[in-house]
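Peer 1: Once you've had a glance at the structure underneath, I'll fire off some questions.
The values are calculated or read from the model by the stated rules, or taken from the named source; none is laboratory data. None of these values were measured; they are calculated from a predicted model. As a convention, Cβ positions derive from the backbone with ideal geometry for all residues, glycine included, and neighbour counts pool all protein chains shown. All accessible areas refer to the heavy atoms of the entire protein, side chains included, with ligands and DNA or RNA removed. Shrake-Rupley method; radii C 1.70, N 1.55, O 1.52, S 1.80 Å.
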Amino acid sequence: MDQSRAPVLDALAAYHESGQTPFTPPGHKQGRGADPRVGAVLGDAVFRSDVLATSGLDDRTSSQGIIEEAQALMAEAVGAEHAFFSTCGSSLSVKSAMLSVAGPHEELVVGRDAHKSVVSGLILSGIRPVWVDPQWDAERHLAHPPSAEAFEEALVEQPDARGALVTTPTPYGTCSDLTAIAEVCHRRGVPLIVDEAWGAHLPFHPDLPTWAMDAGADVCVTSVHKMGSGLEQSSVFHLQGDLVAPEVLKGREDLLGTTSPSVLVYAALDGWRRQMVEHGKALYDDALALAGQVRDRISRIDGLHVHGRADFCGPGKASDLDPLQIIVDISACQVTGYRAADWLRRHHRINLHVSDHRRISAQLTHADDDHTAATLLTALADFAAHAPRLRTGQPVHIPSPAELRLKQAVLPRDAFFGPTEQVPWERAEGRIAAEMLTPYPPGIPAALPGERLTADVLRYLRTGVEAGMVVPDAVDPDVTSIRVLREPSPASRRWKEQAHDLP
C-alpha cells in the first residue's frame with residue numbers, strides 16, 4: 001500500500017474544497033454556531049474539521065471506504081493483519097478485546113496489575129477473572145508484569161479459561177516477556193490479549209521493547225494519544241492469527257463504541273501513522289538519545305535516583321524497559337511523589353506523569369527537545385534544593401506484597417451491581433468491596449469489586465490519601481467510608497440455601 005497516503009486527511013481537505021453545506025450534526029455547523037469565546041480558546045480549525053464521518057467526510061453509504069483504507073494502512077505499517085480505530089480510548093478497546101474472547105461466567109486469565117478499564121470490562125461482561133500475580137519488587141514496592149511461568153500455571157489450573165490478558169508496558173515502562181507468554185497461550189490454543197496502551201510507539205524503532213504483534217500476541221490495544229501524536233481518546237486495536245475472528249472483534253467494538261465517532265480523532269490517527277512510517281526511526285533516534293542525556297543529568301542531582309534496567313529488569317523482575325519513561329525515586333529526599341508533583345506544578349509549571357509514595361516520573365516522546373529537557377532538569381534541581389522544607393513526616397503505610405493481595409470472594413459484576421451500603425473505613429475490614437479503589441495515576445485498583453478488604457489495604461489507602469494520593473473512582477474520594485456489599489440477613493441467607501436446592 002502507498003504509506004504516503006493519509007485517506008482521512010485527504011478526504012477532509014476535499015470536503016473543505018467542495019464547499020458542502022451540512023444539514024446534519026454537529027449542530028455548530030463547522031463553527032458558525034459556536035460561541036466566539038469558545039472559538040477564541042479552541043481555534044476555528046477545530047470546529048471546521050469537526051464533521052460527520054458518513055454523510056460528511058464520506059457519503060451516506062461510505063462508498064469511498066475512507067476509514068477502512070486508513071485502518072488497512074495502519075495494519076500494514078505495524079505488521080498486523082487487521083487494525084480498528086477507536087475514538088473512545090483504549091478503555092473501550094480493551095473491553096472490546098475481552099468480550100471477543102470470553103463471555104459471561106467464562107474464565108479469562110488476567111494479570112492483577114491490570115488497569116481499571118479491564119476491571120470495568122469484567123464488571124460489564126460477567127467474565128470470571130483468574131488472577132495472575134505480578135512480579136513484586138518488595139524493596140521498591142513496585143509491581144512488574146507477571147511472568148510467563150505464572151500464566152502457564154494459571155492456565156494449567158484453569159484449563160477452561162478462554163484466553164489471557166497482560167498489561168505491558170506498565171505505566172512505569174516495565175515490560176513482560178510477551179513472546180514467552182504468547183507461546184504459553186498458543187500451546188493451549190487460546191488467544192493472548194495485550195493491553196499495550198503505553199506502547200503505540202514500539203513498532204517504529206528497533207531499540208524499543210518488542211511490540212505485541214511481533215511477539216505473537218493475538219490482539220493488541222494501543223493508546224496513540226499516550227506516546228504518539230494522536231488526540232486524546234485515540235486508540236487502535238490490532239489483530240492477527242485465527243484465534244479471534246475480525247468480525248467478532250469489530251462487532252464487540254460496535255456494541256460498545258459511539259455511533260458518532262470523531263473525524264478529528266480519525267484524522268490525527270491517520271496522520272500519525274504516516275509520520276511514523278516516514279520519519280519514526282529518525283524521530284526516535286533523537287528521542288532515545290535525549291532520554292539518555294536526561295537520565296544521566298538527573299542521576300547527578302543529589303537525592304534523586306533514576307531507575308534503569310539494573311533496577312527493573314532481571315530474574316523475578318521485568319523482561320525489558322522503555323527508556324522513554326523516566327522514573328525517579330525521591331525517597332532519599334523524604335518527600336512523597338504526590339507532594340513533589342504538586343510543588344513542581346505550582347513553582348515550575350510542569351506536569352509530571354506518575355507520582356506515588358516515593359517516585360515521580362516524566363514521560364518523554366518524539367515531541368520533546370533540548371528546551372523541554374532543560375525545563376525538566378531545572379525544575380528537578382530546584383525541587384531537590386527545596387526538599388528539606390517539603391517534608392511532612394506523614395508516612396504512607398505500604399503493606400508487603402502478600403498483604404496487598406486481596407482474595408476474590410464474588411464476581412466483580414455481582415459485587416458491583418449487588419445490594420450495597422456505605423460504611424466507615426474503620427469498619428470495612430472483612431467486608432466485600434463493591435467499588436474500585438484506584439490510586440490514580442497509574443490507575444491500577446488497590447481493591448476491586450468482589451475482593452475482601454483487609455486492614456492493611458485500608459490503612460494504605462487512608463494514609464495515602466492523607467499524604468496526597470488521589471482515589472477518584474471511589475464514592476468517597478477521601479476514603480473515609482467505603483462502599484461494600486450488603487451482608488444478607490439470616491432469613492435471606494436461609495432462603496438462598498433452600499432455593500439452591502430447588503430443581
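Peer 1: Just from its helices, what would the mean residue ellipticity at 222 nm be for the chain, if runs of 4 or more DSSP H residues each count -39500 (n - 2.57) and the sum is divided by every residue, rounded to the nearest 500 deg cm²/dmol?
Peer 2: Computed mean residue ellipticity for the chain: -12500 deg cm²/dmol.
Peer 1: Roughly how many nanometres apart are two label points built 7 Å out from the Cα toward the Cβ at Thr61 and Gln3?
Peer 2: 3.4
Peer 1: Tell me which residues come under 5 Å, amide H to amide H, from Leu165 once H is placed; ignore anything under 5 positions away on its chain.
Peer 2: Placed amide hydrogens put Val109, Val110, Gly111, Ile193 under 5 Å from Leu165.
Peer 1: Here is a further query. Rg (Å, one decimal) plus Dmax (Å, integer) for the alpha carbons of the stretch 225-334?
Peer 2: 19.5, 55
Peer 1: Cross-chain or 8 or more residues apart, Cα under 21 Å: how many lysine pairs in the chain fit that? Count them up, please.
Peer 2: Total qualifying Lys-Lys pairs in the chain comes to 6.
Peer 1: Still on this structure: On a C-alpha basis, how far is the centre of the stretch 222-267 from the centre of the stretch 328-382 in Å? Whole number, if you could?
Peer 2: What the calculation gives is 31 Å, centre to centre.
Peer 1: What accessible area, in Å² to the nearest ten, does a 1.4 Å probe give for Glu183?
Peer 2: 100
Peer 1: Mind ranking Asp329, Asp50, Asp478 by accessible surface for me, highest first, 1.4 Å probe?
Peer 2: If we order Asp329, Asp50, Asp478 from most to least accessible, we get Asp478, Asp50, Asp329.
Peer 1: Contour minus end-to-end for Cys313 and Asp254, with contour as 0.36 nm per residue of separation and end-to-end as the Cα-Cα distance?
Peer 2: Going from the current span to full extension adds 17.4 nm.
Peer 1: Another one. Quick one: compute the contact order of the chain, relative version, from alpha carbon pairs under 8 angstrom and 6+ residues apart, as a percent.
Peer 2: With pairs under 8 Å counted, the relative contact order is 14 percent.
Peer 1: Which far-off residues, 5 or more places away or on another chain, put their amide H under 5 Å from the one on Val475, with H placed in the peptide plane?
Peer 2: HN-HN under 5 Å from Val475: Arg483.
Peer 1: Measuring from label point to label point, each 7 Å out along Cα→Cβ, what is the Glu403 to Ala180 span in nm?
Peer 2: Distance between the two pseudo-spin positions: 3.0 nm.
Peer 1: Still on this model: What FRET efficiency comes out for Glu278 versus Ala374 if R0 is 22 angstrom and r is the Cβ-Cβ distance? Round to the nearest 0.05.
Peer 2: My answer for the efficiency is 0.20.
Peer 1: Relative contact order of the stretch 63-164, please, whole-number percent, based on alpha carbon pairs below 8 angstrom and at least 6 residues apart.
Peer 2: 24
Peer 1: What fraction, in whole percent, of alpha-carbon pairs in the chain exceed 30 Å separation?
Peer 2: Of all Cα-Cα distances in the chain, 53 percent exceed 30 Å.
Peer 1: Give me the percent of DSSP beta bridges within the stretch 65-214 that run antiparallel, rounded to the nearest 5.
Peer 2: If we restrict to bridges inside the stretch 65-214, about 20 percent are antiparallel.
Peer 1: Also, I was wondering about something else. Whole-Hz ³J(HN,Hα) for each residue in the stretch 463-478, computed from phi via Karplus 6.51 cos²θ - 1.76 cosθ + 1.60 with θ = phi - 60°, x for glycine and proline: what do you get?
Peer 2: Once θ is set to phi - 60°, the couplings for the stretch 463-478 become 5, x, 4, 4, 8, x, 4, 10, 10, x, 8, 6, 4, 10, x, 7 Hz.
Peer 1: Follow-up. So, R0 is 22 Å and r is the distance between the beta-carbons of Asp476 and Asp414; what FRET efficiency does that work out to, to 0.05?
Peer 2: Efficiency, rounded to the nearest 0.05: 0.50.
Peer 1: Does the stretch 362-403 classify as rounded, prolate or oblate by the C-alpha gyration tensor (a ≥ b ≥ c root eigenvalues; a/c under 1.5 gives rounded; else a/b over b/c gives prolate, otherwise oblate)?
Peer 2: oblate
Peer 1: If a/c stays under 1.5 just call it rounded; otherwise compare a/b with b/c (prolate if a/b is bigger, oblate if not). Do that for the stretch 184-252, with a ≥ b ≥ c from the square roots of the Cα gyration tensor eigenvalues.
Peer 2: Oblate shape, in that a/c is at least 1.5 and b/c is the bigger or equal ratio.
Peer 1: Rounded, prolate or oblate: pick one for the stretch 68-145, where a ≥ b ≥ c are the square roots of the eigenvalues of its C-alpha gyration tensor, a/c under 1.5 means rounded, and failing that, prolate if a/b is larger than b/c, else oblate.
Peer 2: It comes out oblate by the Cα gyration axes.
Peer 1: Which FRET efficiency, nearest 0.05, do Gln334 and Leu231 yield, Cβ-Cβ r, R0 41 Å?
Peer 2: The computed FRET efficiency comes out at 0.55.
Peer 1: Then there is this: I want to make sure I understand the PRE zone here: with the label point 7 angstrom from the Cα of His386 toward its beta carbon, which residues in the stretch 292-328 have backbone N atoms less than 18 Å away?
Peer 2: In the stretch 292-328, the label zone of His386 (backbone N under 18 Å from the point 7 Å along Cα→Cβ) covers 301-304.
Peer 1: ³J(HN,Hα) across the stretch 228-245 via Karplus (A = 6.51, B = -1.76, C = 1.60, θ = phi - 60°), whole Hz, x for Gly/Pro?
Peer 2: With coefficients 6.51, -1.76 and 1.60, one gets x, 9, x, 6, 3, 6, 7, 9, 9, 10, 10, 9, 8, x, 10, 7, 10, 6 Hz.
Peer 1: Further question: Report Glu466's accessible area, 1.4 Å probe, all protein chains in place, as a number in Å² to the nearest 10.
Peer 2: Per-residue accessible area (Glu466): approximately 100 Å².
Peer 1: To continue, here is another question. Counting other Cβ atoms within 10 Å, which trypsin sites (Lys or Arg not before Pro) in the stretch 294-383 have at most 13 and lie in a DSSP loop?
Peer 2: Arg300, Arg349
Peer 1: Which whole-Hz couplings ³J(HN,Hα) result when phi for each residue of the stretch 202-212 is put into the Karplus expression 6.51 cos²θ - 1.76 cosθ + 1.60, θ = phi - 60°, listed in order with x for Gly and Pro?
Peer 2: Here the 3J(HN,Hα) series is 4, x, 10, 7, x, 8, 8, x, 4, 8, 4 Hz.
Peer 1: When the label point is put 7 Å from the Cα of Glu76 along its Cα-to-beta-carbon vector, which residues of the stretch 1-32 have a backbone N closer than 20 Å?
Peer 2: It comes to 1-12, nothing else.
Peer 1: If amide H atoms are built 1.01 Å from N in the plane of the peptide, which residues on other chains or at least 5 residues away come under 5 Å of the amide H of Arg359?
Peer 2: HN-HN under 5 Å from Arg359: Ile330, Gly337.
Peer 1: In terms of solvent-accessible area of protein heavy atoms at a 1.4 angstrom probe, what is the ranking of Trp211, Trp136, highest value first?
Peer 2: Result of the area sort, largest leading: Trp136, Trp211.
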